[in-house]
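Worksheet: the structure to be examined is printed underneath.
The values are calculated or read from the model by the stated rules, or taken from the named source; none is laboratory data. Only a predicted model underlies this, so the values are computations on that prediction, with no experimental measurement involved. With ideal geometry, Cβ positions are generated from the backbone for all residues, glycine too; neighbour counts draw on all protein chains shown. To get the accessible areas, we keep the full protein, side chains included, count just its heavy atoms, and leave off ligands, DNA and RNA. Shrake-Rupley method; radii C 1.70, N 1.55, O 1.52, S 1.80 Å.
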Amino acid sequence: MANGLGYGKVILFGEHFVVYGLPAIASAVSDSTLAEITLAKGATPPGRPGPGAFIQEGRGWTLHDSRPETPGYKVEKAPEQKRSIELMLAVLKIDAARTPLKITLAGDLKAASGVGASAASCAAIARALSGLFGLGLSDAQVNEVAHEGEKGYHGTPSGIDDTAATYGGLFLFRKGQPKNLVEPIRTGRPVEIVMGNSGLTASTTKIVDGVRQRRAADPGRFDRIFAEAERIVQESRRALQAGELERVGELMDRNHRLLVEIGVSGERLEQLVGIAKREGALGAKITGTGVGGYMVALTPGRELQQNVARAMERAGFSALRTSIGK
Ligand code: MEV
């Protein structure tokens, strides 16, 4: 038996634009996914599924998914999850048909859009496979395997989610060939944030594709948006490092408007952003894929964090209280 862990993530600046090679800033969050993998004799592994576990089977492996979830997420993502596991096994040259496996997913990270759930599960599974088969994968190799797994969820991931899931921390990321650029960012102290969950599951593949189509139809407008997105990331890195949180918040608001312009917001996300701003969040924006999934609000100090999170909860949403940086 072997275990592995992957962190959830929040993208603070530059989602979507990062797919086109622009820089972005992301951080791991406190919630994480744990994978446990055992060698199972025969196709159906021993043991009973945990209460409410979602079960699916592939070529020689069985998955018991006990992560908390946004209702409907696991069923909707099941084909992608299956493809993802097969891709990771293939890249590691593990033939589960000959060595049957039981994979269990648990941990406090919600299986939901926008919080890096797929990447966290990929990093956790990659680490557990490394342990079980004595592969001794380095973090960089775990990241590569997790990236392969992410392709099962959305064909052309930028790599920002699997990087956060593997290493944790707050960092600037730029997709590159052959290597991505990853630069840690220090804030001096942790800064509280709230992540509001729209409760809707989003398809990253479809939404990234929609942005691609809208860009192809109006390249001039998108060039201007991309230029602004890049300026926001560079300025927000400086502001984060200087501890200028009011400025960071303003930049988040500006980044949110760009995401609205490229068509990845949604009614519930706008409602959550509105709640956060009314309660005094310094900035609030969509995070990750958008349309559904999560938004993020900058709420330094426990009191502001509580006020914002409670207001979201009163409106019927769930909220994740966590922090970024140090
Ligand atoms: C998804 O968490 C972030 C996107 O930018 C896609 C990607 O980076 O691959 C929307």
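Could you work out how much longer the chain between ARG83 and ARG214 gets when fully extended? Use 0.36 nm per residue separation minus the Cα distance between them, nm to one decimal.
Gain on extension, ARG83 to ARG214, equals 44.4 nm.
Rounded to the nearest 500, what is the chain's calculated 222 nm mean residue ellipticity when only DSSP H runs of at least 4 contribute -39500 (n - 2.57) each, over all residues?
My calculation for the chain gives -14000 deg cm²/dmol from helical runs alone.
Starting from the coordinates of the alpha-carbon atoms of the chain, obtain the Kirkwood hydrodynamic radius over all distinct pairs and give the value in Å to one decimal.
For the chain, the Kirkwood estimate is 19.8 Å.
Take each of the peptides 54-63, 186-195, average the number of other beta-carbon atoms within 10 Å over its residues, and list them starting from the highest.
Answer by packing, highest mean first, reads 186-195, 54-63.
For the stretch 178-235, state what percent of all Cα-Cα pairs lands in each successive 10 Å bin, counting from 0 Å until the bin that includes the largest distance.
With a bin width of 10 Å, the distribution comes to 15, 25, 42, 17, 1.
Taking the highest mean first, how do the peptides 281-287, 298-304 order by number of other beta carbon atoms within 10 angstrom per residue?
Highest mean packing first, the order is 281-287, 298-304.
Rounded to a whole number, what % of the accessible area of the chain do carbon and sulfur atoms account for, probe 1.4 Å?
So the carbon and sulfur contribution to the accessible surface is 51 percent.
Just to make sure I understand: if all protein chains stay in place, what is the order of ASP253, ASP139 by accessible area at 1.4 Å, largest first?
ASP139, ASP253
Considering every pair of different Cα atoms, what Kirkwood radius, in Å, is found for the stretch 123-219?
Result for the stretch 123-219, one decimal place: 15.9 Å.
State, as an integer percentage, the relative contact order of the stretch 2-184 based on alpha-carbon contacts under 8 Å between residues 6 or more apart.
32 percent
What Kirkwood hydrodynamic radius do you get for the stretch 221-326 when you take the inverse of the mean 1/r over all pairs of distinct Cα atoms, in Å?
14.1 Å
By per-residue mean of other Cβ atoms within 10 Å, what is the highest-first order of 198-207, 70-79?
198-207, 70-79
Under a crude label model (7 Å from the Cα following the beta-carbon direction), how far is ARG98 from VAL75 in nanometres?
Going from the ARG98 label point to the VAL75 one covers 3.8 nm.
How much accessible area per residue does the chain have, counting only protein heavy atoms and a probe of 1.4 Å, in square angstrom?
Result: 41 Å² per residue.
Using the alpha-carbon centroid of each, what span in Å lies between the stretch 2-36 and the stretch 67-131?
Between the Cα centre of the stretch 2-36 and that of the stretch 67-131, the gap is 15 Å.
How many percent of all Cα-Cα pairs in the stretch 204-244 sit more than 11 Å apart?
Here the tail beyond 11 Å accounts for 68 percent of pairs.
Please compute, for the alpha-carbon atoms of the stretch 1-157, the extent along each of the three principal axes and give them in descending order in Å.
On the principal axes, the stretch 1-157 reaches 47, 33, 25 Å in Cα extent.
Using heavy-atom solvent-accessible surface (probe 1.4 Å) with all chains present, what is the largest-first order of PHE173, PHE133?
From most exposed to least exposed: PHE133, PHE173.
Compute a Gaussian network model of the chain, connecting alpha carbons closer than 10 Å, and tell me which residue from ARG257, ARG310, ARG221 fluctuates the most.
Ranking ARG257, ARG310, ARG221 by mean-square fluctuation puts ARG221 first.
State which helices in the chain qualify, where a helix is a whole DSSP H run, it must extend 15 Å or more along its own axis by its Cα atoms, and its mean Kyte-Doolittle hydropathy must be at least 0.0.
Once both thresholds are applied, what remains is 117-132.
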